[in-house]
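The next block holds one structure in the form of structure tokens; read it before the comments.
The values are calculated or read from the model by the stated rules, or taken from the named source; none is laboratory data. Quick caveat: nothing in here was measured; it's all calculated off a predicted structure. Please note: Cβ atoms are built from the backbone with ideal geometry, for glycine as well, and neighbour counts cover all protein chains shown. We work out accessible area using only protein heavy atoms, side chains counted, and drop any ligands, DNA or RNA first. Shrake-Rupley method; radii C 1.70, N 1.55, O 1.52, S 1.80 Å.
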Amino acid sequence: MSKVKSHAELLRSRQPGYTMPSELFSRQDVFENDVDVFFHKHWILVGVSADVPEPGDVSTVDIGKSSVIIVRDEDNEVRTFRNVCRHRGARIKEAGKATIGKLVCPYHQWTYELNGDLLHAAQMGKDFDHKCKGLKSVHTKVVGGLVFICLANEAPADIATLEETMLPRLAPYQLENTKIAYEAEIIENGNWKLVMENNRECYHCAGTHPELTTTFLAEDFGYCEEELDEAGQQSLASYRKKNADYKASWEKDGLICEPVEKLTPDVATLFRTQRLVMAGHGESQTPDTKVACTKLLGNATRKDQGDTHLWTHSGWNHVMSDHAVVSYLIPLSPDKTLVRTKWLVNADAVEGVDYDVNNLISVWTATNAQDAALVAINHSGTQDPGYEPGPYSKFSEQYVEGFANWYTGRLEAHNI
Ligand code: 3BY
Ligand code: FES
Ligand code: FE
């Protein structure tokens, strides 16, 4: 019998350029380390300010054994707290959204202000010091309407790079002034790393995503030029020209387009952004590539502003002139991953008048379902005794390999 490898040994056993060994997707100890390192010690996106549009709105998100309450307080500030009562530790809110006056623990009714201060605790005596029993706050950074948290005592400082990069790109869209037109949750039958790897390439797009590829240019995430025939060369030339033309025209309008990539293991807060050209009319990720919502986001006047995408290590976001799609995952078990998607439109847009919700959500609803099926067959295949790590394409899976390398490096940085 061969000895069981440690998590670190499994990481070291990966051949450069090859997929991860099977056990990294299935073992409970690996899963627990993953949740601890990547979801409790790194910054993660857990919502949008539109989850809590008014003071008193709360949105509770469970991440592994931790649970956080996102609250909009009386001063209109978005705060997050550990969802743990300071009395005997009961959960204060169940996962999901609510509107409240105060945060009241259901067990013995300890009552907290929306800013976390303990207001009332009956039968604790006159000398009881309320001040040190406020809810524990969680590191929170709201970047252009995207709510990031870090559950570690000390949060990685390089969230500042993401913030500096994204603020000017997101500011014109005023995502703080949006509403959630639709929200979806899928539980995918696969390890969270396979969900991320699947998202980091468009190698699979042509064969599996007819709706997405109507709007998306797969070349953005790589292609193999040496395999192209004459027609392929022509379409590559037109892709390049389209990119150059849009870039010139966006820059003229002061719209930032340059890619920024922070994907190497020395970076704790992984991200990538770029203003991507879209196919067809180039307006939006909709079936006809035109805006789904006629009331544009923020101060937008131009419909063909492309797709400002933002990748993090646990999600992907697309911001267009008329709507934004925010997607993030939460690992549930080694082989189950929750993927949550929110479609945001201008807060003043009226359903049925300014947008049709089915039109708005159709591309990503189809894409998410297709991706879930791909993740399921990938996970299942990696658990077959016949699986052995396979080679990544160096032309179109460079970001998948980059993710695997980042994953390894970050675990090493946390002494796994
Ligand atoms: O959603 C995304 O960002 C990625 C890019 C390539 C495939 N996938 C759609
Ligand atoms: Fe919350 Fe007792 S556990 S009031
Ligand atoms: Fe996909």
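Overview of values
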read-out	value
Under 5 Å, built H, 5+ apart or other chain: amide partners of residue 57	72, 100
Overall Cα dimensions of the range 229-333 - principal axes, largest extent first, Å	42, 40, 29
Shape call, the range 24-137: gyration tensor on alpha carbons, a/c limit 1.5	oblate
With eigenvalues of the C-alpha gyration tensor scaled by 5 and rooted, the range 283-411, Å	34, 16, 14
Peptide ranges 302-309, 230-237 listed from the most packed, as the mean C-beta count within 10 angstrom indicates	302-309, 230-237
Rotationally averaged projected area of the range 72-210 (alpha carbon convex hull; nm²)	12.7
Sequence-distant residues sharing a close amide H with residue 112 (under 5 Å, placed H)	103, 104, 105, 119
Where a label projected 7 Å from the Cα of residue 74 along Cα→Cβ would reach, residues of the range 97-112 with amide N under 17 Å	100-104, 111-112
Hz values of 3J(HN,Hα) by residue in the range 369-375 - Karplus curve (6.51, -1.76, 1.60), Gly and Pro given as x	5, 5, 5, 4, 5, 5, 4
Centre separation in Å (Cα based) which lies between the range 341-416 and the range 9-45	16
Compactness index (Cα Rg / 2.2 N^0.38 Å), the range 134-208	1.46
Probe 1.4 Å, protein heavy atoms only - accessible area per residue of the range 169-225 in square angstrom	38
Whole-Hz couplings from phi, Karplus 6.51/-1.76/1.60, listed for the range 197-213; x for Gly and Pro	4, 4, 6, 8, 8, 10, 4, 7, 4, 4, x, 10, 10, x, 6, 5, 6
Carbon plus sulfur fraction of accessible area for the chain, probe 1.4 Å, in percent	50
Local electrostatic count, residue 25, Cβ distance below 11 Å [Lys/Arg +1, Asp/Glu -1]	-2
Cα-based Rg and Dmax for the chain, where Dmax is the largest Cα-Cα distance (Å)	22.5, 84
Probe 1.4 Å, all protein chains present, accessible-area order of 326, 357, largest first	357, 326
Packing-based order for 150-157, 281-288, using average beta carbon neighbours within 10 Å, highest first	281-288, 150-157
Amide H within-cut-off set for residue 47, under 5 Å, with H built and near neighbours excluded	147
³J(HN,Hα) computed for each position of the range 37-49 - Karplus, 6.51 cos²θ - 1.76 cosθ + 1.60, integer Hz, glycine/proline x	6, 8, 10, 10, 10, 10, 6, 10, 7, 10, x, 10, 4
